[in-house]
Each structure stands twice: as C-alpha cells, then as structure tokens.
1. If you average the sequence gap of Cα pairs under 8 Å that are 6 or more apart and divide by the length of the chain, what percent do you get for the contact order?
2. ³J(HN,Hα) across the range 344-355 via Karplus (A = 6.51, B = -1.76, C = 1.60, θ = phi - 60°), whole Hz, x for Gly/Pro?
3. For VAL214, which sequence-distant residues (separation of 5 or more, or a different chain) have an amide H within less than 5 Å of its own amide H, given hydrogens modelled in the peptide plane?
4. Of all DSSP beta bridges in the chain, what percent run antiparallel (nearest 5)?
5. Starting from the Cα gyration tensor of the range 6-141, take the square roots of the eigenvalues, sort them a ≥ b ≥ c, and report rounded, prolate or oblate (rounded when a/c is under 1.5, otherwise prolate if a/b is larger than b/c, else oblate).
6. Can you give the relative contact order of the range 6-141 as a percent, counting alpha carbon pairs under 8 Å and 6+ residues apart?
7. Rank ASP292, ASP26, ASP262 by mean-square fluctuation in a GNM of the chain with C-alpha springs under 10 angstrom and give only the top-ranked residue.
8. So, counting K/R as plus one and D/E as minus one, what does the shell of residues with Cβ under 14 Å around ARG202 add up to?
Amino acid sequence: MKDNPISVLIVDDSALIRNLVSRMFDDIQGIQVIGKAMNGRFALKKLETMNPDIIILDLEMPEMNGIEFLKERKKRGIKIPVVILSSIAHKGAGITIEALSLGASDFVLKPSGSASRDIYKTKEQLVELIIIYGGKFKKERASKAGGANVAASSRLQPSPQPATPQAQARLATGPGTPVKQSSLPIEIIAIGISTGGPNALRQLCPGIRSDLPVPILVVQHMPAGFTEEFAKSLDKISPLEIKEAEDGDIIKAGRILIAPGDKHLEILTKPLAKIVRLSENPEVNGHRPSADVLFASIFQVYGGRSLAIIMTGMGRDGVKGIGAIYRAGGLTIAQDEASCIVFGMPRIAIDKGFIHKVVPLGKMAEIINQTDQERG
C-alpha cells in the first residue's frame, strides 16, 4: 500500500478543517489526499478528473450540502465510499443518520480545531475507516479491472469446490469440544455489532417478522447523542418497534431496544417483568456500551434460553460474553466474512469455538424469524 496509497478527497466548507484533516495523514504511509473541495458541487466537479478511493464529507456546506451531494452521488451511480465528518450537536446527529440512510458508510465526530482534545481520537478513527472502506473499495476496483485476466487464467485452473457441510461445521465450531444446545425455548435475542453496523442493521431489521415472539436487544458501538436518531431511523423501516433503550424499559416481545451511546445496557429482573438497567460503569474492551456487558447480562438472566449474534466489527468486544452463552447451551450465530465490513469480532468468536452457525447478512433475518422453531 506504500507505493499504491489509498486516495482521499476531503469535502468541507472550512479551510481550517480541510487543512487540519489533510495534515492528519502526512505521517501515515498508505494514505494520500489527492484533492479538496469546499462543497458538494465542487466535489462532483473534481470527480470528473480524479478517482479517489474514499471521500471524507462535511454535511453543512453552502451551495450543495452533504445530503444533497449524497443524493446526487446515488443518482449518478457513484460507488466511492463516503465517511461523514459530523457535528455532535443534536441537529448534526439527525442529519448524520440521514446521511447513513442515503449510503454513507460511516461517520466520525468533527474536530473543533487544532487544539481540540479529541483531535488525536478523530485522527485514529479516520485512519481506521479510510483503511477499512477505502482499502476495500480499492481492492474491489482493482479486482474488477483485472477481471478479464482473472477469467482467462481461471479457465486453466480447476474450479474451487464449495465447502462441505462437515467443513462448514468445523469453521463454525472452531477448536475445542462442542457444547450441546439447551432444549429450552429461546426467550431473548441479543446482537453485538460495531464497524459497518449501521448499514448492516438497516438491511437486517426490515426483514424481521412483525410477530416475533421474543424481544431483541442491540449494542451498536456509536457515540452518545446518535443512537436515539439511529433507532428512530430503523423504526421507520422495520415492522417491529425500535427505540433507544431507556432505564426501566420493559423487555417485551415485538420490540427492539438499542443501547444508548455511552451507556451499558443490562437486564434487571423484577417481580412482574424484566427491565432495562443502564449504567455509566467503566468501558469494557474500550467501549460503552459494550456487547460483552450485554451478553454477560443475558447469560446471567436467561442462560441457555438465549440467542446471541455477533456481527461486523473490529476488535473482540462480545467474544467473552457470547462464549458464556454458548457454554450455557444458548444458540450463537456469527455473521460471515464475505458480508462483514470488518471480520474482527465474528472471526475471534468463531476461532474460539463459541459459534454454532456462521450466516451471511442476507440470511440473518431468516434465522431470527425461525427463533421459535429452533428448538423443535
């Protein structure tokens, strides 16, 4: 990547931000800023002569703002991934979630200036997302460009054979002795998801049946102030009610609760119902909310009557907790590599032997819809 860097176009109406973001990559080998634009209209003009691997996009700009740019991008069939530079303000959260619904890949909070405390965190996140989304797009584009050569050479090679059911089972169970599933009915579904999650959940939720007999709890790594708007956006496209979890919410069938940004989500058992307990306890695996915290609580309350799903994301959050659910006899599922933006969390869970089934994103809703049939 050093000799063939990921190319970046920065779009922001602030010259300060354009220069600040550009300088973030001066010491990063493998990333190169090839252009800057002060609004969406100028960005579209630049795309006529340059072909970046990723676009860093502000949302509030004159003449053509970020939302208008994303609509035009979609209309023109431009596939270059977009990462949003978002304001933390409530209005910024709503616009950011709208941007994700229009095809933006992800977002980071905008740095407020060169003296900002969060400038280094912003840099770290931007570099990570550029490598993930820009790198993937660059590889896909190179693969398509070399498709003719690959097709020609493949005629001289034996065709790869699909994995046998036995091989797939070995992939799913990993090392160690498989644990027998409980025969008890599933009473709860928990999902842990991170990088690539917003768009994955937008694909998953509309396919879940409206009469699902169990509740769903979700930890999506997202900053405070954004999860409420994200939940509202999912609610508009889902047959189930979806909302940001509040302390004391009753956990009931027909509803999906999203853990709030900067709050851990756990379950508290009361005499008449199970309810949500939110906390600001320390981060776990660098995250709050943490999938491990949710899964650990699911294990403690429901044990083997649980379905735990670990999806696209970097790192290992959720692995320990899903392992506890697996050993208790709960059903555990991981998203497959091909449909993950980052095959980090699922890969580790699979390698640890904590997963019963490895499922593509496109089949995940079907598995969830069969929850009441899983135990026969």
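Every read-out reported here was derived from the displayed coordinates using simple, explicitly stated rules and does not represent laboratory data. No experiment lies behind these values; they were computed from the predicted model shown. So basically every Cβ, Gly included, is an ideal-geometry build from the backbone, and we count neighbours across all protein chains shown.
1. Details: 770 pairs, mean separation 51.9, N = 376.
It comes to 14 percent, rounded to a whole number.
2. x, 4, x, 4, 5, 4, 5, 4, 6, x, 9, 10
3. Counting only residues 5 or more places away or on other chains, the set is GLY254.
4. Details: 8 of 51 bridges.
Around 15 percent of the beta bridges assigned by DSSP in the chain are antiparallel ones.
5. On the way: a/c = 1.39, a/b = 1.07, b/c = 1.30.
Rounded.
6. Numbers: 222 pairs, mean separation 33.4, N = 136.
After rounding, I find 25 percent.
7. Residue with maximal mean-square fluctuation among ASP292, ASP26, ASP262: ASP26.
8. On the way: positive: LYS232, LYS236; negative: GLU98, ASP106, GLU229, ASP235.
Summing Lys and Arg as +1 and Asp and Glu as -1 gives -2.
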